[in-house]
């Protein structure tokens, strides 16, 4: 490979070579081995794990001269545990919980050994108030048993800000972590395509079957009706909304690092990588049939475009006008031709139940966990603001507004594009899901706000 190419570009090219080798391997598997429906996911998991292992070994061998020298300092141990937490965002919930506990314990031990005092960012107190009010909501909950389980999920509102209050990540270390995580997701995206190719072979269907707006396109998904499980089940986590969120988030972060990272040109994210990552993300979101991803990702592209043109007001205005016309045109086309794809009767029923209940109970709502009684099959309002009003009434909604307003305030105050980008993407997701009521969504919010916020020491330097 040409030595003038950046590490990232060579990394992508190497990954593609490994990808084609595994496509050939997949074809060979079906030619010589009979795989039953009950073995489908276990064989795919083995294939995905093998791909990742081979990719990792080749990376260590080919790019060993670029690897930083490691030692067993507290800082390096915490950095590794934080990276483990980052990659757990696309792995199983149990892995995420384990990674969170590990990072928090190590951060507290680090503070004890280094005799560091707890220096929380002011946003921590808004997170703590929002979370602790869930306990207050137990007093009038119509389902206290489920309420306690609901409260347990939100512990990340306390423990992750606690960890970041003891351990501040330097700008250089943060960029390194995000750069490596970005490249991890490049491999993850390829592994999804490997899984898709594997399932196409398994179901004996045309390769292009997933490249259109059709919710279920494989004949024997496990469990029934969720084709995305067949593409993501090997990772232990298959929720297309949250996977699409992480992919969209890291597109914007990758774009920012491409433009602003002060690392040597040989190791920073390259334009070729950005093009590859953007194309692969669009393909994977389509294959996962993630409706919210089809909204979030174009919105993420729009935000990066505005950031890139921020010093050229006329171009910004032109971009906004053009984007609005494009959205209106696309919306009209989709409404006319694919209205049924985006229509979801169960969501409509859930929303009707929520609105009907709130007519007489908007002051205090159902109490923490009470939603389970009224929507037993899947307790969600599919909107965070409506859901918090449903759960905890007007006080809960006000605390949520305070949390989000303060988050946006600190992002704007520090001119922190990465945090602002994260919050805007997260805000879009909050209009369709209730991420702050789910373990993954809570982890995403607390992890990325803690990582992307400017530490207190930075604020003191500005004063």
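Does at least one position in the stretch 20-42 carry a residue that is free of Cβ contacts under 8 Å to residues at least 40 places away in the same chain, within 15 Å of residue 235 (Cα to Cα) and out of contact with any helix residue (DSSP H, G or I) (no Cβ under 8 Å at 6 or more places or on another chain)? Among the residues of the stretch 20-42, at least one is free of Cβ contacts under 8 Å to residues at least 40 places away in the same chain, within 15 Å of residue 235 (Cα to Cα) and out of contact with any helix residue (DSSP H, G or I) (no Cβ under 8 Å at 6 or more places or on another chain), which makes the answer yes. On inspection, residue 61 does not qualify as at negative phi, in a helix (DSSP H, G or I) and either in contact with a helix residue (DSSP H, G or I) (Cβ under 8 Å, 6 or more places away or on another chain) or surrounded by 14 or more Cβ atoms within 10 Å (Cβ to Cβ) (or both). A single entry from 363, 399, 392, 358 fulfils the requirement of being exposed (fewer than 14 other Cβ atoms within 10 Å of the Cβ), in contact with a helix residue (DSSP H, G or I) (Cβ under 7 Å, 6 or more places away or on another chain) and under 30 Å from residue 142 (Cα atoms): 363.
Restricting attention to the stretch 102-115, the residues being without any contact (Cβ under 8 Å) to a residue 60 or more places away in the chain and either surrounded by 15 or more Cβ atoms within 10 Å (Cβ to Cβ) or touching a strand residue (DSSP E or B) at 6+ places or on another chain (Cβ under 7 Å) (or both) number 6. Has the stretch 305-317 got at least one residue that is part of a helix (DSSP H, G or I), under 30 Å from residue 4 (Cα atoms) and touching a residue at least 60 places away in the same chain (Cβ under 8 Å)? Yes - at least one qualifying residue is present in the stretch 305-317. Before we move on, is residue 92 within 27 Å of residue 234 (Cα to Cα), modelled with pLDDT under 95 and surrounded by fewer than 17 Cβ atoms within 10 Å (Cβ to Cβ)? Yes; evaluated as a whole, the condition is true for this residue.
Yes or no, residue by residue, for (1) farther than 20 Å from residue 11 by Cβ; (2) in a loop (DSSP other than H, G, I, E, B); (3) in contact with a strand residue (DSSP E or B) (Cβ under 7 Å, 6 or more places away or on another chain); (4) at pLDDT below 90:
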{"site": "225", "(1), (2), (3), (4)": "yes, yes, no, yes"}
{"site": "234", "(1), (2), (3), (4)": "yes, no, no, no"}
{"site": "238", "(1), (2), (3), (4)": "yes, yes, no, yes"}
{"site": "247", "(1), (2), (3), (4)": "no, no, no, no"}
{"site": "275", "(1), (2), (3), (4)": "no, no, no, no"}
{"site": "281", "(1), (2), (3), (4)": "no, no, no, no"}
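Counting only helices (runs of 4 or more DSSP H) that sit completely within the stretch 370-446, those holding 1 or more residues that are closer than 22 Å to residue 144 by Cα and at pLDDT 95 or above correspond to 384-413.
The residues on offer are 253, 190, 209, and the sole one that is without any contact (Cβ under 8 Å) to a residue 12 or more places away in the chain and either buried (at least 18 other Cβ atoms within 10 Å of the Cβ) or assigned to a helix (DSSP H, G or I) (or both) is 209. Per the listing 130, 51, 135, 125, the residue uniquely crowded, with 17+ Cβ neighbours inside 10 Å, at pLDDT 90 or above and under 30 Å from residue 162 (Cα atoms) is 130.
Is the stretch 324-338 home to any residue that is more than 27 Å from the chain's Cα centre (by Cα) and under 24 Å from residue 136 (Cβ atoms)? No: the stretch 324-338 contains no residue that is more than 27 Å from the chain's Cα centre (by Cα) and under 24 Å from residue 136 (Cβ atoms).
When the criteria are applied in full, residue 290 fails the requirement of being farther than 13 Å from residue 243 by Cβ, in contact (Cβ under 8 Å) with a residue 40 or more places away in the chain, in contact with a helix residue (DSSP H, G or I) (Cβ under 9 Å, 6 or more places away or on another chain) and not in a helix (DSSP H, G or I). Apart from one condition, residue 85 fits all of (1) under 16 Å from the mean Cα position of the chain (by Cα); (2) more than 30 Å from residue 153 (Cβ to Cβ); the exception is (2).
The values are calculated or read from the model by the stated rules, or taken from the named source; none is laboratory data. Quantities reported herein were computed from a predicted structural model and do not represent experimental measurements. Here the Cβ is made from the backbone with ideal geometry for all residues, glycine too, and neighbour counts use every protein chain on show.
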